[in-house]
Amino acid sequence: MNRGYIYVLLCYFLIGISYPIAKNAMNEIPIWIFTAVTFLMAFVMLYPFVRIVDKIKLSRIGPKVWLAVSVQSLLGAVLYTVFLLYGFESATAIMASVFTSLAPAAVLTLSSIFLKEKLSVRKVLAIILAVAGVLVLTLPTADGSGQNTWLGILFLLLSTLSTAGSVIAANKLNVNLPPATMAAGVCLTGLIFSLPMAISQGTAFDWQSLSASNVTVMVYYAALVWALPYAFFFMGVTKIPASASGMAIAVVPLAASFFAIVFFGEKIHVTDCIALALVTLSIVAAEAAETKPVSVTPTPSGTAA
């Protein structure tokens with residue numbers, strides 16, 4: 001098997017299994033603090049590779065490249081993550097992973113609106129399947145006790161739209177950096193974007209309440225959600241077709257569902273299974289090979305490579 005496939009699949013697998021872990025962490029750690037601290041940790045982990053392996057000085061990267069990295073970081077990392085974490089407060093990890101997998105269909109929709117790209121019958125089918133998956137997930141909220149669930153769905157939708165928006169914004173931006181440097185740049189700019197809100201939350205947060213398990217979760221998230229998956233993605237995405245990378249997103253809900261059920265005791269409902277199937281079919285329809293190659297590929301958090 002092409003190593004590119006292995007790298008991208010590993011990337012999405014690591015992201016998928018992190019969903020129930022991150023959801024559990026949100027019970028004790030403020031969201032913006034969690035985001036900023038994990039970005040900082042990930043950057044510290046990646047920086048030695050930037051200097052020693054890639055032999056690049058970040059100060060010598062041009063402003064246009066930093067602009068492209070910043071757009072990808074703001075939409076595809078910061079807003080994606082923050083909305084996702086807020087969604088975790090009132091939605092299951094399984095539901096969140098399904099929403100993440102709506103990204104290809106969301107990109108198709110936004111591309112037709114903002115980039116004036118034509119929608120083929122196959123693309124329309126992908127969008128319909130994705131919307132159907134979302135509608136199925138909303139069915140449990142009909143019991144009248146689901147106000148928080150609806151709020152969770154709203155945040156998860158915003159997370160997915162941030163992912164799709166990063167792809168649209170990056171359509172005309174070209175970044176040519178080594179994998180570790182690109183990942184480090186995303187983490188550094190992500191830290192800068194999230195720092196003001198983290199400082200605001202930090203003034204009222206009891207830092208002594210952080211336990212060893214909290215710190216362990218943040219180190220895990222920094223290494224196995226930011227640093228390593230981003231590096232894996234940028235190592236593999238140039239070696240495989242864009243369609244294959246898009247379909248690999250289906251690994252996220254599958255890994256998240258398995259991990260949440262086996263290790264965190266979450267229950268999977270019939271609606272979850274139906275939604276998983278619909279969204280997976282949507283990804284296949286959205287990313288199936290066409291006569292014209294796809295030019296924009298979502299990164300692990302949705303940005304374009």
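Taking the stated definitions as given, is A25 of a type outside the set (D, E, K, R), more than 15 Å from V217 (Cα to Cα) and touching a residue at least 24 places away in the same chain (Cβ under 8 Å)?
So A25 fails the test.
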Please work out which residue is surrounded by the fewest Cβ atoms within 10 Å (Cβ to Cβ), limiting yourself to the range 21-34 and to residues that are out of contact with any Gly (no Cβ under 7 Å at 6 or more places or on another chain) and modelled with pLDDT of 90 or more.
P30
If you scan the range 202-231, which residues turn out to be in contact with a Pro (Cβ under 8 Å, 6 or more places away or on another chain), part of a helix (DSSP H, G or I) and among the hydrophobic types (A, V, I, L, M, F, W, C)?
A231
Just to verify a result, which residue in the range 92-119, among those that are touching a residue at least 40 places away in the same chain (Cβ under 8 Å) and assigned to a loop (DSSP other than H, G, I, E, B), is surrounded by the fewest Cβ atoms within 10 Å (Cβ to Cβ)?
L115
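Residues are listed down the side, and each one gets a yes or a no for (1) among the hydrophobic types (A, V, I, L, M, F, W, C); (2) in contact (Cβ under 8 Å) with a residue 12 or more places away in the chain:
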site	(1), (2)
V50	yes, yes
V53	yes, yes
I56	yes, yes
S59	no, no
S70	no, yes
G76	no, yes
V82	yes, yes
G87	no, yes
S90	no, yes
Hey, E266 hits all of (1) outside any helix (DSSP H, G or I); (2) modelled with pLDDT under 80 but one; which does it fall short on?
(2)
Can you run down the residue pairs with Cβ atoms below 6 Å, 6 or more apart or on separate chains, where the first is in the range 249-274 and more than 19 Å from I15 (Cβ to Cβ) and the partner is surrounded by fewer than 16 Cβ atoms within 10 Å (Cβ to Cβ) and not hydroxyl-bearing (S, T, Y)?
T271/L139
Output the number of residues of the range 35-71 satisfying the condition of being at pLDDT below 95, small (G, A, S) and assigned to a helix (DSSP H, G or I).
3
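The values are calculated or read from the model by the stated rules, or taken from the named source; none is laboratory data. Given the structure is predicted, the values throughout are model-derived calculations rather than measurements. Please note: Cβ atoms are built from the backbone with ideal geometry, for glycine as well, and neighbour counts cover all protein chains shown.
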